Amino acid sequence: GQVLLYVNSPDVAEAQSNYFDALAKMTSARAEMELIKTRIDVAEKDRQRLKDLVDEGISSKKDLEASQGRYAATRAELVAAEATYKAAQAQFAAAGVKLKALGISKPQSSPDGFTSELPLLSPRDGIVIQRNVVAGQGVSPTMANYPTSNAANNANAVTSHALLSIANLKKVWVMLEVPQSQISYLDLDSLVKFETEVAPGEVFWGKITKMGQHYDPVSH
């Protein structure tokens, strides 16, 4: 989760702009829909009032029919407004997905916080053991897994363009050379106690996870 570096990209600013544009359209569509619902309520009350007046012989049927027409037209406007609102919701959701794809899980609360810098966070604990990028260098999404011409013969060729390499050295592999005469005492998953000149005076424990298949012809 720690920030390793920042990538400056116009796509980040554009994605944020599209997000707020979609938010504004959705808000406007929702307001329009609520306004039309209010007009429907007014039209319904007006239609009922005229119906009562017609029943009492005070108003003409023509006025009632006009009121019913206005009510039906307003209902049609509501259907269109609801469709527009759903479309705006879809665009807003898509804009949010685009931001998350770029690594921005929480958009800024206002356009004043726009930035073109995208923070790249560490996906695991450890230390940076290799850095293949410098400030100002151009990068692309394909750099981390771009295969080289000799990728088939070099297992590291596929990751040679990674921006950073992170390793967690709390748990490591240890290659031990064991005399042929002692091989019979070793089995997979058995514990091994060993010392190393890297840490004089310390004793380490490990578990055997793989047995070698070859002997050194000189040391046996």
| query | Nearest 20 debye, what's the magnitude of the dipole of the range 1-137 about its Cα centre given +1 on Lys and Arg Cβ and -1 on Asp and Glu Cβ? | reply | 280 debye
| Hey, any idea what % of the chain's accessible area is carbon plus sulfur with a 1.4 Å probe? | 54 percent
| Can you list the HN-Hα couplings for the range 181-190, worked out from phi with the Karplus curve (6.51, -1.76, 1.60; θ = phi - 60°), rounded to whole Hz and with x for Gly and Pro? | 5, 9, 4, 5, 8, 10, 9, 4, 6, 7
| message | Ranking request for peptides 22-28, 202-208: highest mean number of other beta-carbon atoms within 10 Å first, then the rest in descending order. | response | 22-28, 202-208
| message | Restricting to DSSP H runs of at least four residues, report the calculated mean residue ellipticity at 222 nm for the chain, -39500 (n - 2.57) per run over all residues, nearest 500 deg cm²/dmol. | response | -14500 deg cm²/dmol
| remark: Read-out P(r) over Cα pairs in 5 Å bins from 0, in percent, candidates [x] 1, 5, 8, 8, 8, 8, 8, 7, 6, 6, 6, 5, 4, 4, 3, 3, 3, 2, 2, 1, 1, 1, 0, 0; [y] 1, 7, 16, 20, 22, 17, 10, 4, 2, 1, 0; [z] 1, 6, 14, 17, 18, 15, 11, 8, 5, 3, 1, 0, 0; calculated match is [x]
| query | With every protein chain left in place, what is the accessible area per residue of the chain in square angstrom, probe 1.4 Å? | reply | 75 Å²
| task | Go through 14-20, 128-134 and give me the packing order, highest mean Cβ count within 10 Å leading. | result | 14-20, 128-134
| field | Per-residue ³J(HN,Hα) for the range 63-77, Karplus 6.51 cos²θ - 1.76 cosθ + 1.60, θ = phi - 60°, Hz, x for Gly and Pro | value | 5, 5, 5, 5, 5, 5, x, 5, 5, 5, 5, 5, 4, 5, 4
| query | Once the Cα atoms of helix 10-55 and of the chain are each reduced to a long axis, what angle between those two axes, in degrees from 0 to 90 to the nearest 10, is obtained? | reply | 30 degrees
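Order 31-40, 176-185 from most to least packed using the mean count of other Cβ atoms within 10 Å.
So the order, starting with the most tightly packed, is 31-40, 176-185.
The values are calculated or read from the model by the stated rules, or taken from the named source; none is laboratory data. The structure presented is a predicted model; accordingly, all values stated were derived computationally and were not measured. In this analysis, Cβ positions are derived from the backbone assuming ideal geometry, glycine residues included, and neighbour counts consider all displayed protein chains. Surface accessibility is based on the protein's heavy atoms, side chains included, excluding ligands, DNA and RNA. Shrake-Rupley method; radii C 1.70, N 1.55, O 1.52, S 1.80 Å.
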